[in-house]
1. Around residue 646, what is the net charge, scoring Lys/Arg as +1 and Asp/Glu as -1 over all other residues with Cβ under 13 Å from its Cβ?
2. What FRET efficiency would be calculated for the residue pair residue 567, residue 377, taking the C-beta separation as r and a Förster radius of 35 Å, to the nearest 0.05?
3. Is the stretch 273-429 rounded, prolate or oblate when judged by the Cα gyration tensor, a ≥ b ≥ c being the square roots of its eigenvalues, rounded requiring a/c under 1.5 and prolate requiring a/b larger than b/c?
4. Find the Cα radius of gyration of the stretch 368-515, compare it with 2.2 N^0.38 Å by division, and give the number to two decimals.
5. Using Cβ counts within 10 Å as a stand-in for footprinting exposure, how do 480, 462 rank, fewest first?
6. Lysine pairs in the stretch 456-548 8 or more apart or on different chains: how many have alpha carbons under 26 angstrom apart?
7. Net charge within 10 Å of residue 240 by Cβ-Cβ distance, Lys/Arg positive one each and Asp/Glu negative one each, not counting residue 240 itself?
8. In straight Cα distance, which lysines are under 16 Å from residue 302, not counting same-chain residues fewer than 8 positions off?
Amino acid sequence: MRPTSPAFLPKKLLSALTLALGSITAQAADDIKLPTIAVTANPLGVASDELVVPVSTLSGRDLTLQRESTLGETLKFIPGVSSTNFGPNASRPIIRGLDGERVRIMQNGVSILDASSLSFDHAVAIDPLVIEQIDVVRGPAALLYGGSAVGGVVNAIDHRIPKQAIDGVTGRSEVRFGGAENQKNGAVVLDAGNGVLTLHADAYKRKTDDLDIPGYAVSRRKSEATGEEREHKGRLVNSASDADGGAVGASIALDNGYVGLSYSTFNNKYGTVAESDVLIDMKSDRWDFTSELRDLGNIITKVKVRMAYTDYKHQELEDGEVSTTFKNRGVEGSIEASHGNIGPLSGVIGLQFRDTKFQALGEEAFVPSNRTKTRAVYVYEELPLDALKLTFGGRIEHAELDSNGGDKFGPSQSRSFTPYSFATGGLFKLDEQWSISTNLSHNERAPSYFELFANGVHVATDQYELGTDALDKERSNGIDTQLRWKQNHNSFTLGAYYTRFSNFIGLFNTGNLVNEEGETGQVDSTIAEAQFSSAKAVFKGLEAEGKFRVYETVGALDLYLRGDYVRATNRDTGEPLPRISPLKLGFGLDYRFNQFGSRLDVLRAFKQDRTADNELPTDGYTLVNATVTYKLPTSERFQLEAFAKAYNLLDQTIREHTSILKDIAPLGGRSILIGLRGDF
């Protein structure tokens, strides 16, 4: 691990921060709070309760109290969302049973170009410590974001390019200690401006130890099925981490918009859990450019440009020596123009592009070096008709994937695809409290480079993975319906969805055993072979969430309810698809009185015994967390809040069925985390 820094701020970022603030007069500023608007699912920027598709937004106090070490763990209490949970350091969101290339992870509206969709042990190159808001689109969003959003979208917003000018200095800071992994984390975020030029700087430091767990790392079921000895009681070996990073950014306020630029860096060195002697040393540098011009005329009213260049690299170290290196460099961007209203009709036309070069070098490289280029055009329109609002649009995309081949990957080869997606929906207001929304969509996705060209042992899945270069586009049709109710402090949403894939691309076990060279029938042929191939599949499920004010005489007490269920089936065989989350039901009680706040959350996950071949069932569990907060007496300009959070109060052994490591890596045991957050 890297040596521990004596301060939370890296020296380079401290220098950049000093430079950024040096030219700005540190004068008192009004408390600036940016509006929370779920714009991810709608380019017209309407409020979340006006959206046709289901969207959840996490920000402010809720984000502070739910913030975890990874993006997947931070979001897993949202209905319909679970996580891959490859130990405490690598956890990618799963939405309605879909993950990997079907869930698009973005930062400020532009994709994260890392390697997290390639392998479960690769962390997402975002640290939740510096995120200000997270939007989650549950369900197909391929119309706006391409086939990699057929399952949904997660957009992490950090305000590193300020969208609003400020006059003065504002910011926040946070420190956290404790938890099952003995966190020692801290972050600071600052914005300063003179009404025209606004500067941003942030930095964070995160360090954890091996995770404390109740009982043994290896499950009883796995021990009985394989004869593997149950070992490592009380500690998840090789799960520590050491990370830091930050950013500097600036924007200039124009009469009719803004233009801005930012640079950010992300560093993370962590144990992979599946192998006790393997560390991943990850680094990602990213440049972002954003501009928005408004009030441009009657034909084109607004233009928004977003672009990011990413240089990502991680090395897998075995006993301190580099065994495999993964690199991903590329640029992605979009240009979006809003047209003037045609009667009541409003909408946007967008262009998107992406160009990435991926390399895998070393003894465990199971995909060839390759290049992916995509170009797309889309249109999105809204038509309000009294109590009914209609939405519709379409997208055409062209993708080219080129493999360099070599060694076991054979000669170089190229594939190209032209996916089409379209959707239509409606939001009907029954009265002031009740509304119904429905969305119909057809979605297509081009296969990814690893689905086409993989050929080698993938240690993270303990399989020999084979791509299929003759794969066709993945196609699906879906319907999503929600019944919504909202009155004062109370709200409730009940939703159902059904997605039918005519060509679902999955990694299916072939039944063969091979050696490290992919040969069958040899003495050392002990590795299960799996191949990316097509099948017919269906995903269907239910989601519900509600908030009810149950008491408000001395303080206020809110009751939260949530539940979700997904059922996924291979229609060719009638068998369940793997790693599908079981039925989950939960409730929370949130009480606030003056400076004091408290919350109790209870989540019941039921047993999952509807399993795929070669997949063990998972026992149910009850997760109980509790949080206490207190706002310390400070000046009006500066707000300071202390908080303490107790995890897994019942000290249950929790194994998430969605995790490929569920039988060797449970979640953390009972623990307490304390923290302090300041805003000014």
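1. Once positives and negatives cancel, what remains is +1.
2. Values: r = 35 Å, r/R0 = 1.01.
Working from the Cβ atoms, E equals 0.50.
3. In terms of gyration-tensor shape, prolate.
4. Cα Rg divided by the expected 2.2 N^0.38 Å: 1.46.
5. 462, 480
6. Pairs that pass both the separation and distance tests number 4.
7. On the way: positive: 207, 269; negative: 181, 209, 210, 242.
The answer is -2.
8. Qualifying lysines at Cα under 16 Å: 163.
We did not get these values from a lab; they are worked out from the coordinates using the rules stated. What you are looking at is a predicted structure, and each value in this text was computed from that prediction instead of being measured. Here Cβ is always computed from backbone atoms with ideal geometry, including for glycine, and neighbour counts include all displayed protein chains.
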